[in-house]
Amino acid sequence: MSAEPKRVCPVERAGSLDNRIRRWLQDPHRILGPYVEEGMTVLDVGCGPGFFAIALAQMVGESGRVIAADLQQGMLQKLEDKIAGTELEQRITLHKCEENRIGVSQTVDFVLAFYVVHEIPNQAGLFQELGSILKPTGRLLVVEPPFHVSKAAFAETIGRARRAGFAPVARPRVLFNKTVLLKKA
Ligand SMILES: C[S@@+](CC[C@H](N)C(=O)[O-])C[C@H]1O[C@@H](n2cnc3c(N)ncnc32)[C@H](O)[C@@H]1O
């Protein structure tokens with residue numbers, strides 16, 4: 001039995017997070033292309049089995065870096081297996097988070113939080129921590145799922161981000177999902 005709290009997506013469901021149907025519905029290059037450039041350092045918080053982390057590593061190129069951070073070692077292991085022996089291995093740093101602390105100290109140009117914020121008990125702490133490592137010109141893209149997260153809950157998330165010093169700059173369209181692009185206010 002998993003020792004993680006129930007709200008966390010189990011490692012056994014990793015397959016549903018990385019497959020051809022999702023790639024078609026949520027093409028990572030299309031979603032992230034407007035924000036990610038070669039040479040950037042980016043953080044994928046709650047990276048899961050690496051659906052977006054791998055695309056991010058392709059987008060930042062040889063001179064860029066991706067910090068792929070997750071609470072569950074099993075998710076990080078799945079990503080590690082996918083990149084083992086490829087050129088992406090050098091670009092992706094796997095990082096194990098604690099439940100209430102991402103624990104990354106390096107400054108970053110872009111943060112992706114895809115389908116993870118609703119799984120984090122202390123959202124205020126999360127946004128504070130992300131604010132402390134995001135560069136002044138950086139962007140944070142939050143995407144939350146349509147069914148698990150209500151409109152009201154998403155509005156509360158944006159409120160917590162605002163109180164932690166973020167300001168919404170756009171509401172990019174990601175089919176059926178709730179999204180907000182944030183910058184440091
Ligand atoms: C639904 S999955 C989404 C994975 C990935 N972002 C994607 O879209 O494919 C949520 C992920 O967030 C991770 N997670 C949950 N709580 C977390 C926390 N407090 N800190 C870091 N990661 C967390 C889970 O382990 C899981 O891998």
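The values are calculated or read from the model by the stated rules, or taken from the named source; none is laboratory data. If you're wondering where the values come from, they're calculated on a predicted model, not measured in any experiment. Neighbour counts run over all protein chains shown; Cβ positions are idealised from the backbone, glycine included. Keep in mind that these areas ignore ligands, DNA and RNA; they rest on the heavy atoms of the full protein, side chains included. Shrake-Rupley method; radii C 1.70, N 1.55, O 1.52, S 1.80 Å.
Per the listing Arg30, Arg7, the residue uniquely open to solvent by 30 Å² or more (accessible area, probe 1.4 Å) and either at positive phi or within 11 Å of the ligand (Cβ to nearest atom) (or both) is Arg7.
Determine whether Phe154 is on the phi > 0 side of the Ramachandran plot and in contact (Cβ under 8 Å) with a residue 24 or more places away in the chain. For Phe154, the condition - on the phi > 0 side of the Ramachandran plot and in contact (Cβ under 8 Å) with a residue 24 or more places away in the chain - is not met.
Restricting attention to region 35-53 and to residues that are near the ligand (Cβ under 8 Å from one of its atoms) and in a strand (DSSP E or B), the residue that is surrounded by the fewest Cβ atoms within 10 Å (Cβ to Cβ) turns out to be Val45. Residue count for region 73-82, restricted to those that are more than 12 Å from the ligand (Cβ to nearest atom) and in contact with a Leu (Cβ under 9 Å, 6 or more places away or on another chain): 2.
The residues listed here are Lys151, Lys178; of these, the one that is surrounded by fewer than 13 Cβ atoms within 10 Å (Cβ to Cβ) and in contact with a Lys or Arg (Cβ under 8 Å, 6 or more places away or on another chain) is Lys151.
Flag: Gln123 does not match the condition of being open to solvent by 60 Å² or more (accessible area, probe 1.4 Å), farther than 20 Å from Leu32 by Cα and without any contact (Cβ under 8 Å) to a residue 40 or more places away in the chain. Which residue is farthest from Val66 (Cα to Cα), if the candidates are limited to region 108-117 and must be of a type in the set (Val, Ile, Thr) and more than 8 Å from the ligand (Cβ to nearest atom)? By that ranking, first place goes to Val117.
If you filter region 87-107 down to residues that are away from the ligand (no atom under 14 Å from the Cβ) and within 12 Å of Glu129 (Cα to Cα), you find that the one that is least open to solvent (accessible area, probe 1.4 Å) is Thr107.
Taken over region 59-72, the criterion of being of a type in the set (A, V, I, L, M, F, W, C) and more than 9 Å from the ligand (Cβ to nearest atom) is satisfied by Met59, Val60, Val66, Ile67, Ala68. Counting only strands (runs of 3 or more DSSP E) that sit completely within region 79-185, those holding 1 or more residues that are at pLDDT 95 or above and hydroxyl-bearing (Ser, Thr, Tyr) correspond to 92-96, 134-144, 178-184.
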